[in-house]
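Visitor: Please read through the structure below; I'll follow up with questions.
None of the figures in this text is laboratory data; all of them are computed from the coordinates on show. What you are looking at is a predicted structure, and each value in this text was computed from that prediction instead of being measured. Ideal geometry is used to build each Cβ from the backbone, glycine not excepted, and the neighbour counts take in all protein chains shown.
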Amino acid sequence: MIVLRPYHSGMNEKAPQATNLKEAQTLIDQLWDVVRVQSKTIDVLTQQVSSLTMQVDSLTVEVNTLKEKLSKNSHNSSKPPSSDGYSKPAPKSLRQKTGKPSGGQRGHKGQTLQMVATPDIVKQHAITSCTHCCADLSHAPIIDVERRQTFDLPPIELEVTEHQAQIKHCEICNKNSKATFPEGVCKGAKYGSNIQAILTYFNQYQLLPYQRTQEMFQDLFNIHLSQGTIKNVLSRGADALTDFTEQLKTTLLASPTNYFDETGLRVKTKLNWLHVASNEQLTYYFIHPKRGKEAMDEMGILPEYQGYAVHDHWMSYYRYNCQHVLCNAHHLRELTFVEEHYQQPWALKMKACLLGIKSAVKDAIFSGRAALSQAQIVGFEQYYDGIVLEAKQQIPILETPKLKKRGRVKKHKSHNLLSRLIEHKSEVLAFMYNFTLPFDNNLAERDIRMTKLKQKISGCFRSEEGGVHFCSLRSYLSTVKKQGINRLDALIDLFNGKPFIPSMS
């Protein structure tokens, strides 16, 4: 609404006075010109205010988004602890205090170095004079000894073995015959299985880059390796794992419960995805440019898997007909964020509910029971449902914009978490109904953690072949570790042509 005020050209000037009708009409025209100019000015200012209001709204949304990002850390989201920098969150972990003192607990198996009965070398230290009166004891008989032992490595020297195949002449057929060389002994000179195993162990398991692997071999063994030699050894080891990989996938398909996860990994500076399928005995890594179903299909486990798949609710997993179990460690972190950032009390209650069920399951297992009582299950379900109803009242409804765009109405960010807890209740509480199922997906996250360290150390894989070889060798090393087999011994067997093959048991 425009309010017209009497015209004045200045604070101290008087308004013009009309002396006749003509001058009055001229004055009216002038006043209308001024009104039109002021009206246009008001329209311009109105548009500016509207534009600035929209800009403020947009900046407010952006500020809130940035605040949310800054508020996320390793204890209230899926961000890794390395992203926290020097500002570590408190508390740093969702683990609860046990009340036990730090250090070794009562009854644990000690690792104290023990003396051996038959040492490899015995050094006697003679005494020639009495320590009390200085009398000569050179010819006195030895009545006893005090034993002390030191454990050390002998000097490391490279041992060269020359293989000579005998050639003999047959007098009957008048031809020469040559003996057969052992398997693995090729023409010329080559490094043996022990050196190839140690090289693979340090580069693939301890994650030493090529240059540091070279330095380690030079300092420890006085062996000068080229980076080409390292690459060839790793390729040879990975190529020898074909049977292992096929049997590994077959065994995983037969497992009643498997854990699945994926993480970004760079190959030739481009983002790829490392997928893992694992359980308490087996680990299989697979690298692919995609994160979703295309990669999972090529991985070759989920399309045929009929058991329980534990994962973090990545929607691609739901495109397979296996039974799903959701990771509650993710839920606890997300609930912590809702509690801290949005101050919604229901999140704290839901955390207490999930942890209470976990504690009840743990106590039941400790007591030798195979399941919770029906009363306990019903009680926990009612408590869970009550928190959900409370959450619906606490999550705010976002205002619908006047010019609504196509698509679904925007929901509050905590609404997505609540929807998951409602729609997938049985998968969230699967560990309560079946004690063989886990509370979280931490096993897969632990399996995938060292690959992130590999990227942190080396930056990225310089070739697709290097990424594939890493996955094969790392699958082998992780699996033999879970099987209780010495990693170095398993690598020596690999380079001797006898790799460990997982069984169906």
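Visitor: Can you give the FRET efficiency to the nearest 0.05 for S50 and R408, using r as the Cβ-Cβ distance and R₀ = 45 Å? If you can, show how the numbers build up before the last one.
Guide: Working: r = 27 Å, r/R0 = 0.60.
Step by step, r from the Cβ atoms, then E = 0.95.
Visitor: State which entries of K290/K456; K392/K425; K290/K351; K362/K452; K109/K456; K358/K452 exceed 27 angstrom in Cα-Cα distance in the structure shown.
Guide: Violating the 27 Å Cα-Cα cut-off are K290/K351; K362/K452; K109/K456; K358/K452.
Visitor: Binning at 10 angstrom from zero up to the longest distance, how are the C-alpha pair distances of region 328-371 distributed in percent?
Guide: 30, 38, 22, 10, 0
Visitor: Mind checking region 407-505 for GluC sites (Glu not before Pro) that DSSP puts in a loop (not H, G, I, E or B) and that have at most 10 other Cβ atoms within 10 Å?
Guide: Values: sites: E423, E427, E445, E464, E465; in loops: none.
Here no loop site has a sparse enough neighbourhood.
Visitor: Run down the lysines and flag those whose C-alpha is under 29 Å from the C-alpha of K123, throwing out any fewer than 8 positions away in its chain.
Guide: Output for K123: empty list, no partners.
Visitor: Can you give the FRET efficiency to the nearest 0.05 for Y191 and K270, using r as the Cβ-Cβ distance and R₀ = 35 Å?
Guide: Working: r = 33 Å, r/R0 = 0.95.
Given R0 = 35 Å and the Cβ-Cβ separation, E is 0.55.
Visitor: According to a simple spin-label model (label point 7 Å from Cα along Cα-to-Cβ), what is the distance in nm between Q306 and K40?
Guide: So the label points at K40 and Q306 sit 8.1 nm apart.
Visitor: Quote the FRET efficiency, to the nearest 0.05, computed for Q164 versus Q227 with a Förster distance R0 of 35 Å and r equal to the Cβ-Cβ distance. Before the final figure, lay out the partial values.
Guide: Details: r = 32 Å, r/R0 = 0.92.
The calculated FRET efficiency here is 0.65.
Visitor: Please list, in order along region 429-441, the HN-Hα scalar couplings obtained from phi with the Karplus expression 6.51 cos²θ - 1.76 cosθ + 1.60 (θ = phi - 60°), rounded to whole Hz, x for Gly and Pro.
Guide: 3J(HN,Hα) across region 429-441, in whole Hz: 9, 4, 5, 6, 7, 9, 5, 7, 9, x, 6, 9, 10.
Visitor: For q values of 0.11, 0.13, 0.21 Å⁻¹, compute log₁₀ I(q)/I(0) with the Debye formula on a Cα-only model of region 370-505, without solvent.
Guide: Computed log10 I(q)/I(0) values: -0.78, -0.88, -1.26.
Visitor: Where in region 431-457 does the amide nitrogen come within less than 20 Å of the point 7 Å from the Cα of K362, taken along Cα to Cβ?
Guide: Residues passing the 20 Å test: 431-446.
Visitor: May I have the pair-distance distribution P(r) for the chain, computed from all Cα-Cα distances with 10 Å bins from 0 and rounded to whole percent?
Guide: Calculated P(r), rounded to whole percents: 3, 12, 17, 17, 14, 10, 8, 6, 5, 3, 2, 1, 1, 0, 0, 0.
Visitor: Quick one: compute the contact order of the chain, relative version, from alpha carbon pairs under 8 angstrom and 6+ residues apart, as a percent.
Guide: Numbers: 497 pairs, mean separation 87.6, N = 505.
Dividing the mean separation by the residue count of the chain yields 17 percent.
Visitor: For a bin width of 5 Å, list the pair-distance distribution of region 209-364 built from all Cα-Cα distances, rounded to whole %.
Guide: 2, 8, 12, 13, 14, 12, 12, 10, 7, 5, 4, 2, 0
Visitor: Using the C-alpha gyration tensor of region 308-411, what are the square roots of 5 times its eigenvalues, in whole angstrom, with the largest one first? Present the calculation step by step, with values, prior to reporting the outcome.
Guide: Values: eigenvalues 202, 79, 32 Å².
Equivalent ellipsoid of region 308-411: 32, 20, 13 Å, largest first.
Visitor: Please list, by residue number, every one of the GluC sites (Glu not before Pro) in region 267-366 that is coil in DSSP and has at most 15 other beta-carbon atoms within 10 Å.
Guide: Working: sites: E280, E294, E298, E304, E334, E339, E340; in loops: E280, E304.
Loop-located and lightly packed - E280, E304.
Visitor: Taking Rh as the Kirkwood radius computed over C-alpha pairs, what is the Stokes-Einstein D of region 208-252 at 4 °C in a medium of viscosity 1.567 mPa s, expressed in µm² per second?
Guide: Values: Rh = 12.2 Å.
The Stokes-Einstein estimate is 106 µm²/s.
Visitor: Viscosity 0.692 mPa s, temperature 37 °C: give me the Stokes-Einstein translational D for region 435-501 in µm²/s, with Rh taken as the Kirkwood radius over C-alpha pairs. Don't jump to the answer; show the numbers that get you there.
Guide: Working: Rh = 13.8 Å.
My calculation gives 238 µm²/s for D.
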